[in-house]
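See structure below.
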Amino acid sequence: MSVRHVPPAAPPTTLAACSYLAAPLLALVYGVLRIVDGFDGSRGPGAAWTLGHLAFMAALVLFAVMLHDMRALLGRTRMATVTFAAGLAGIGFAFVQFAVDVVVGFMAADHEAMGPLFDQVQAVPGVSLLVYQAGPVLFYAALVALSAQLAAGRHVRPWMPLLVLAQTVLPVISLDLIPVGSALAVVAFLPLALRARSRSVPAHV
């Protein structure tokens, strides 16, 4: 009687390998849809607004997986753990921001109606600072910091954190540069994706 071989469940590093590329690619999708959404002179509400924001929310979840894997590569040191925690907090704030944007997009009949709804949300004490200003910065700062720590430990090439820094700075210059920054992130994280993929492949004996 033959016994059917059932392959083991994929280890966490498989998800990490995918996240290193899927996260920036989803961010790129958001950046492109944002540009498309502005072709008519205003952004939101509509399909491009909603789909773009949902794509970035999915990217944020995968960025959290990335940060977790980067921390593991660093040996879960105290500095890496603190940076990871700050990054998760930043991701949480950014996720809330994009979730609010999606809800407002569904509630508003047109672009002009979105303004008062955003004003109501940001009028809540602490929301403007944590959700729309300082909070999300923690995520981008942690991403750069973990990349720099990996470079310092010679886990990645020295140019990797420079590309990560560039992809965080470009949207500050102009949000229309989000696709360019995301493309740089794909290049920056490709070596880590390949390394995570190699760790996920079981050794044959």
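The values are calculated or read from the model by the stated rules, or taken from the named source; none is laboratory data. In this text the structure is predicted, and so the values were computed from the model without any measurement. Glycine gets a Cβ as well: all are built from the backbone with ideal geometry, and neighbour counts include every protein chain shown. Areas reflect the complete protein model, heavy atoms only, side chains present, ligands, DNA and RNA absent. Shrake-Rupley method; radii C 1.70, N 1.55, O 1.52, S 1.80 Å.
Provide a single number: the residues in the range 114-133 that are open to solvent by less than 60 Å² (accessible area, probe 1.4 Å), free of Cβ contacts under 8 Å to residues at least 12 places away in the same chain and on the phi < 0 side of the Ramachandran plot.
The total comes to 3.
Considering only residues of the range 177-205 that are modelled with pLDDT under 95 and of a type outside the set (A, V, I, L, M, F, W, C), which is least open to solvent (accessible area, probe 1.4 Å)?
SER200
Could you tell me whether LEU150 is open to solvent by less than 30 Å² (accessible area, probe 1.4 Å), of a type outside the set (Gly, Ala, Ser) and touching a helix residue (DSSP H, G or I) at 6+ places or on another chain (Cβ under 9 Å)?
It is true that LEU150 is open to solvent by less than 30 Å² (accessible area, probe 1.4 Å), of a type outside the set (Gly, Ala, Ser) and touching a helix residue (DSSP H, G or I) at 6+ places or on another chain (Cβ under 9 Å).
Quick test of your reading of the structure: GLY153 fulfils all but one of (1) over 27 Å from ASP101 (Cβ atoms); (2) in contact with a Pro (Cβ under 6 Å, 6 or more places away or on another chain). Name the failing condition by number.
Going through the list (1) over 27 Å from ASP101 (Cβ atoms); (2) in contact with a Pro (Cβ under 6 Å, 6 or more places away or on another chain), GLY153 breaks only (2).
Would it be correct to say that VAL172 is β-branched (Val, Ile, Thr) and at pLDDT below 95?
Answer is yes for this residue.
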